[in-house]
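Beneath this line is the structure, given in structure tokens, with notes to follow.
No value in this document is a laboratory result; all are computed from the given coordinates. Everything numeric here is computed off the predicted structure, so don't read it as measured data. Glycine also receives a Cβ, built like all others from the backbone with ideal geometry; neighbour counts cover every protein chain displayed.
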Amino acid sequence: MLERCSNTCLTSTMITIDNYPDSHFIHRSNWLRAAVLGANDGIISISSLAIGVATASTERNPILLATIAGLVAGALSMAAGEYVSVSSQTDIEQADIEREKKELEEMPETELKILAEIYEKRGLQKETALQVAKELTAIDALGTHIRDELGINEVSQAKPIQAALVSGAAFSAGGILPLLVTLFAPVHHLEYYLYGFTILSLIILGIISAKTGGSGIGKAVIRIVIWGTIAMVLSALVGYIFGVNV
């Protein structure tokens, strides 16, 4: 009994508000989303491209050239696209923050009332909500409104450079896998080797992303494999339909 209490008390003293969020996975959402998107896109895009060319060619060089070109262009496009997209989100966030700053200067009482109403809608009594709003406003008015009115925090805040680097690197890592298949697998029926290896890679990616994000493995694997298969089948179909010797 004493030992159980000792362990419980020790655990309680070790967990604080500073280290408690470390046991959750939401803080990984930004870079994990970019990493999974990049790797998934790299595997599927490059495999689909290689499969499409392989079904229309009997030589390795055209397939290899298309795969390398797709890998380089895809990685740069993914990084640039992610940077522009997330930067647009950042611009919107900054515009809202500037607008909020101006509103706090021009109509502080109205902003205080809005903040109190937010807390009231979350379940606090009207008097309590107003008191909380006043105390938080006294400490950091702008930061409080950014967090509770705009919904922007350290976890959700957009990070363009991080997203661009992670996406580009993840795309390259994913795209290298089918590139290795085009390098070393037999040219005869290369599309089948690509398909099998890609499905295996997608399963591994699904498992890793699910483990990293703390979600269910089965659902993540099924989702990523189904859409990857659709993309590759359609690419192979295009290759057969427009199949000319390259």
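Side notes on the structure shown:
- Distant alpha-carbon pairs in region 39-80 (separation over 12 angstrom), percent: 54
- Note on residue 134: lysines with a C-alpha under 25 Å away, same-chain residues under 8 apart excluded, are 101, 102, 113, 121, 126.
- R0 of 35 Å, Cβ-Cβ distance residue 95-residue 126: FRET efficiency to nearest 0.05: 0.65
- Judged by the mean number of other Cβ atoms found within 10 Å, the most tightly packed of the peptides 142-153, 167-178, 75-86, 36-47 leads the ranking 36-47, 167-178, 75-86, 142-153.
- Cross-link partners of residue 219 among lysines (Cα-Cα below 27 Å; sequence separation of 8 or more within a chain): 211
- Full-extension gain in nm, residue 107 to residue 138, via 0.36 nm per residue minus C-alpha separation: 9.6 nm
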